[in-house]
1. Quick check on Arg23: is it surrounded by fewer than 20 Cβ atoms within 10 Å (Cβ to Cβ) and more than 17 Å from the chain's Cα centre (by Cα)?
2. Among (1) surrounded by 12 or more Cβ atoms within 10 Å (Cβ to Cβ); (2) at pLDDT 95 or above, there is one condition Gln421 misses while meeting the rest; what is its number?
3. Looking only at the range 86-134, which residues are under 20 Å from the mean Cα position of the chain (by Cα) and on the phi > 0 side of the Ramachandran plot?
4. Of the conditions (1) assigned to a helix (DSSP H, G or I); (2) out of contact with any helix residue (DSSP H, G or I) (no Cβ under 8 Å at 6 or more places or on another chain), Gln235 clears all except one; give me its number.
5. Let me confirm something: among Gly87, Gly113, Gly5, Gly64, which residue is surrounded by fewer than 18 Cβ atoms within 10 Å (Cβ to Cβ) and either touching a Pro at 6+ places or on another chain (Cβ under 9 Å) or outside the structural domain of Ala367 (by TED's automatic domain parsing) (or both)?
6. Here is a list: Gly136, Gly150. Which entry is within 16 Å of the ligand (Cβ to nearest atom), in a loop (DSSP other than H, G, I, E, B), surrounded by 21 or more Cβ atoms within 10 Å (Cβ to Cβ) and not aliphatic (A, V, I, L, M)?
7. Do we find that Ala94 is touching a Leu at 6+ places or on another chain (Cβ under 9 Å), in the same structural domain as Leu406 (by TED's automatic domain parsing), in contact (Cβ under 8 Å) with a residue 60 or more places away in the chain and not charged (D, E, K, R) in this structure?
8. What's the number of the condition Phe122 fails, among (1) in a helix (DSSP H, G or I); (2) surrounded by fewer than 19 Cβ atoms within 10 Å (Cβ to Cβ)?
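The values are calculated or read from the model by the stated rules, or taken from the named source; none is laboratory data. In this text the structure is predicted, and so the values were computed from the model without any measurement. Every residue, glycine as well, gets a Cβ built from its backbone with ideal geometry; the counts of neighbours run over all protein chains shown.
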Amino acid sequence: MAVVGGAISGSVAAEIFADHGIRVAVFEQNARPYGKIEDGLPRWHVEQRKQEYARIDARLRKPGVYFIPCTKLGRDIDFEDLTRNWGFSAVILANGAWRDRDLGIPGANQYVGKGLVYQNPFIYWYNHKNESSYRGVRYETPDGALVVGGGLASIDVVKVLQLENYERALRARGIETSFQELEKGVPAVCKEHGIRPEDLGVKGCLLIYRRREQDMPLAQPPDDPTPEQIVKTEQVRQKMLRLAREKYLFRFQDRRLPTGLVVENGRLVGLKVAETRIDGRRAEPIPSTEQDIRAPLLISSIGSVPEVLPGISMRGEYYAFAVGAVPRHTEHRHVFGVGNVVTGQGNIRVSLVHSQAVTQKLLDHYARTGIDTEGSAAMRPSDEQRVTERAEALIDRAECWPALSLSQVANIESRIHALQQRVDYTGDYDAWIAKVTPPDLE
Ligand SMILES: Cc1cc2nc3c(=O)[nH]c(=O)nc-3n(C[C@H](O)[C@H](O)[C@H](O)COP(=O)(O)OP(=O)(O)OC[C@H]3O[C@@H](n4cnc5c(N)ncnc54)[C@H](O)[C@@H]3O)c2cc1C
């Protein structure tokens, strides 16, 4: 099996395959395989990040898992080559959603870095900016920034801005605090230091959302909700927003839709924003309500979708997976998806459960594990028995993955080793992680 992406969903799939005696190659674009846990979840989630790192490590160091770091699909390996020539039984895409959804105003993207910033690189910078080896883009966090969003990630963007601004304002008064302290709540920290937040002169950033505040996707109702459950979910959303505003003191406007750009001297200095009329899920701009909202920085945080990769056809913003229990690519019968690459949004648990469910279904429906050779030393008797049973159960299914011959496996292994050697990965997972972890990683 090939798995692309080594974070939550990829490592879960790899572990399940490995536990069933199936060898699995995990191609990961980065040196460290933690994906959105390291580069998405803001760094104040200290304990949660450590726990998830340890879980991913435990899955990827399992016997039978071949980790291939610093190897990006679309750059170091080619999708057509991977799916047609390598000889894998199947390819599982677990490469997440790393492309910011477009702000949707024509011409806006020419102002990226000139007043406009997207969420994914912004949070990446925030999580890594204090490492001495950080060489990426550095962002400013001016007071009064404008954030377009409404989901959980946009609340994190707003928090970053507010924590940076209050830390600076307190420092200007000779009060040293930290992001960990401030994350517990700005008013509480101010109180400890005998100062009122409003006396610090922080204007605060403004979050705008196109629907009503009770529509913000901060909490989700169960499937097929009753009217009472919908009301309850709306109340939970409003409460979450209220608590966040009480702790981080940001400004908020709902029913606001960006409709145009305000540009001066080649720089984006604001947005034209209209009020909206809500009709079900639709948010229609109300004529003659448009006004300019000026801001020193605009951050777009309206969702993440999978990166466009050569060879993987799309349906809209997503890869063209069939809708159903098993997301199989419509043009590649042996290509499947797990985690954020299919769900787009979600959280750690959603990615984990999705990957478990899909991987288990793949095993149940398609897998004839092992290597197709007499007396292969690679298979333990218990494996052999299980394989025989499963193979018998599936023998009539035209779609069974064919078992690979020893020479096919050797061929794949030699290509894997070449890629590992290219980046000096010796096969010792723990030694690699120790080597590539920045000493000052927060
Ligand atoms: C700002 C923010 C805050 C969040 N906060 C929370 C929270 O508090 N709680 C929570 O539960 N969830 C939170 N989430 C969501 C959660 O982090 C994700 O839903 C989950 O981690 C996704 O896991 P995944 O394995 O599906 O995808 P990812 O973590 O995105 O993993 C994809 C992996 O594939 C690799 N990859 C990508 N492209 C390629 C390629 N072309 N070739 C090879 N490798 C590739 C990536 O490097 C990555 O390692 C947050 C997300 C964000 C953005």
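1. Working: surrounded by fewer than 20 Cβ atoms within 10 Å (Cβ to Cβ): no; more than 17 Å from the chain's Cα centre (by Cα): yes.
Taking the combined requirement at face value, the residue does not satisfy it.
2. Result: Gln421 passes all but (1).
3. In the first step, residues of the range 86-134 are kept if they are under 20 Å from the mean Cα position of the chain (by Cα); the result is 91-103, 117-129.
Within the range 86-134, Gly96 is the sole residue that qualifies.
4. Condition (2) is where Gln235 drops out.
5. Numbers: Gly87 fails: either touching a Pro at 6+ places or on another chain (Cβ under 9 Å) or outside the structural domain of Ala367 (by TED's automatic domain parsing) (or both); Gly5 fails: surrounded by fewer than 18 Cβ atoms within 10 Å (Cβ to Cβ); Gly64 fails: either touching a Pro at 6+ places or on another chain (Cβ under 9 Å) or outside the structural domain of Ala367 (by TED's automatic domain parsing) (or both).
Just a single option satisfies the conditions, and that option is Gly113.
6. Working: Gly136 fails: surrounded by 21 or more Cβ atoms within 10 Å (Cβ to Cβ).
Testing whether each residue is within 16 Å of the ligand (Cβ to nearest atom), in a loop (DSSP other than H, G, I, E, B), surrounded by 21 or more Cβ atoms within 10 Å (Cβ to Cβ) and not aliphatic (A, V, I, L, M) leaves just Gly150.
7. Numbers: touching a Leu at 6+ places or on another chain (Cβ under 9 Å): no; in the same structural domain as Leu406 (by TED's automatic domain parsing): yes; in contact (Cβ under 8 Å) with a residue 60 or more places away in the chain: yes; not charged (D, E, K, R): yes.
It is false that Ala94 is touching a Leu at 6+ places or on another chain (Cβ under 9 Å), in the same structural domain as Leu406 (by TED's automatic domain parsing), in contact (Cβ under 8 Å) with a residue 60 or more places away in the chain and not charged (D, E, K, R).
8. Only one criterion in (1) in a helix (DSSP H, G or I); (2) surrounded by fewer than 19 Cβ atoms within 10 Å (Cβ to Cβ) is unmet by Phe122, namely (2).
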